[in-house]
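Colleague: Let me give you the structure first, and then I'll get to my questions.
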Amino acid sequence: MKNKAIFLDRDGVINVERGYTHRLEDFVILPDLIEVLQLFQKKGYLLIIVSNQSGIAKKLYTQAEVEILHHYLVGELSKNNVALSEIYYCVHHSDVSRCICRKPDSLFVEKGLARFDIDAARSYFIGDKERDVEAGEKAGVKGILIEANISLKTILNQIK
Ligand SMILES: [Mg+2]
Ligand SMILES: [Zn+2]
């Protein structure tokens, strides 16, 4: 049987949304996040982050700074036995360079589906913006729209 996955937006879902987060001291993992990810894993879901990081195209911060945040995140999660299959992020912005990986486009979701042999119909995309839901649904993944920075415990009842 194919795998199933939960795709997650980053800012506002994983860490506190504060606008163009790029400094490690501003990268605050949300309450309950780790516990909920552990639960998702226990239910058999792969975990994949799909994030728009247009701050790179806009030269507000560098890809190296983003990698530092992700290295920290992966470390904190692995201390708690949570493994991300992948962190996809779009470095573009349409004002600077066009692309097909920036949400609401679904390239990264489709890449994840193919690479990890995931059944879209049994998968979810959790995000705090309409474009997150759109990116998921274009690829056949059910979107769940949340308020930024809330506990993911509030949507547990929407995940099978
Ligand atoms: Mg967000
Ligand atoms: Zn892109």
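Readers should treat all values here as calculations from the given coordinates under stated rules, not as data from a laboratory. A quick note: this is a predicted structure, and the numbers were derived from the prediction, not measured. Neighbour counts run over all protein chains shown; Cβ positions are idealised from the backbone, glycine included.
Colleague: Which residues, taken from region 101-112, are near ligand 2 (Cβ under 8 Å from one of its atoms) and touching a residue at least 12 places away in the same chain (Cβ under 8 Å)? Before the answer, list the steps.
Modeller: From region 101-112, those near ligand 2 (Cβ under 8 Å from one of its atoms) are 101-102, 105, 107; that's our starting set.
Across region 101-112, the qualifying residues are Cys101, Arg102, Asp105.
Colleague: Only residues that are within 13 Å of the chain's Cα centre (by Cα) and either near ligand 2 (Cβ under 7 Å from one of its atoms) or in a strand (DSSP E or B) (or both): list them for region 84-100, please. Even if it seems obvious, please write down each step before you answer.
Modeller: Going residue by residue through region 84-100, those that are within 13 Å of the chain's Cα centre (by Cα) are 84-90.
Listed by number, the residues that qualify are Glu86, Ile87, Tyr88, Tyr89, Cys90.
Colleague: Let me ask you something else. Within region 82-91, is even one residue surrounded by fewer than 17 Cβ atoms within 10 Å (Cβ to Cβ), of a type in the set (Val, Ile, Thr) and over 18 Å from Phe40 (Cβ atoms)?
Modeller: No: zero hits.
Colleague: I'd like the full set of residues that are surrounded by fewer than 20 Cβ atoms within 10 Å (Cβ to Cβ) and not in a helix (DSSP H, G or I), limited to region 33-46.
Modeller: Step one: of region 33-46, the residues surrounded by fewer than 20 Cβ atoms within 10 Å (Cβ to Cβ) are 34-35, 38-39, 41-44.
Passing the criteria: Lys43, Gly44.
Colleague: Sticking with this one: Can you name the residue in region 18-30 that is within 13 Å of ligand 1 (Cβ to nearest atom) and surrounded by fewer than 19 Cβ atoms within 10 Å (Cβ to Cβ) and is also farthest from Ser54 (Cα to Cα) among such residues? It would help to see each step written out before you state the result.
Modeller: Pass one, region 18-30, residues within 13 Å of ligand 1 (Cβ to nearest atom): 18-21, 30.
Keeping just the survivors that are surrounded by fewer than 19 Cβ atoms within 10 Å (Cβ to Cβ) gives 18-20, 30.
Working: Arg18: 14, Gly19: 11, Tyr20: 8, Leu30: 22 Å.
Across region 18-30, the extreme among qualifying residues is Leu30.
Colleague: Name the single residue that is nearest to Met1 (Cα to Cα) among those in region 17-54 being among the aromatic types (Phe, Trp, Tyr) and touching a residue at least 60 places away in the same chain (Cβ under 8 Å).
Modeller: Restricting attention to region 17-54, the residues satisfying the condition of being among the aromatic types (Phe, Trp, Tyr) are 20, 27, 40, 45.
Filter once more, so that each one left must be touching a residue at least 60 places away in the same chain (Cβ under 8 Å): 40, 45.
Working: Phe40: 18, Tyr45: 13 Å.
By that ranking, first place goes to Tyr45.
Colleague: While we're on this one: Pull out all pairs, ordered by first then second residue, where Cβ-Cβ is under 8 Å, the residues are six or more apart or on different chains, the first lies in region 86-99 and is of a type in the set (S, T, N, Q), and the second is within 15 Å of ligand 1 (Cβ to nearest atom) and part of a loop (DSSP other than H, G, I, E, B).
Modeller: Ser94/Arg102
Colleague: Does Ala114 fit the bill of being assigned to a loop (DSSP other than H, G, I, E, B), out of contact with any Ser or Thr (no Cβ under 9 Å at 6 or more places or on another chain) and not hydroxyl-bearing (Ser, Thr, Tyr)? Before the answer, list the steps.
Modeller: Details: assigned to a loop (DSSP other than H, G, I, E, B): no; out of contact with any Ser or Thr (no Cβ under 9 Å at 6 or more places or on another chain): yes; not hydroxyl-bearing (Ser, Thr, Tyr): yes.
So Ala114 fails the test.
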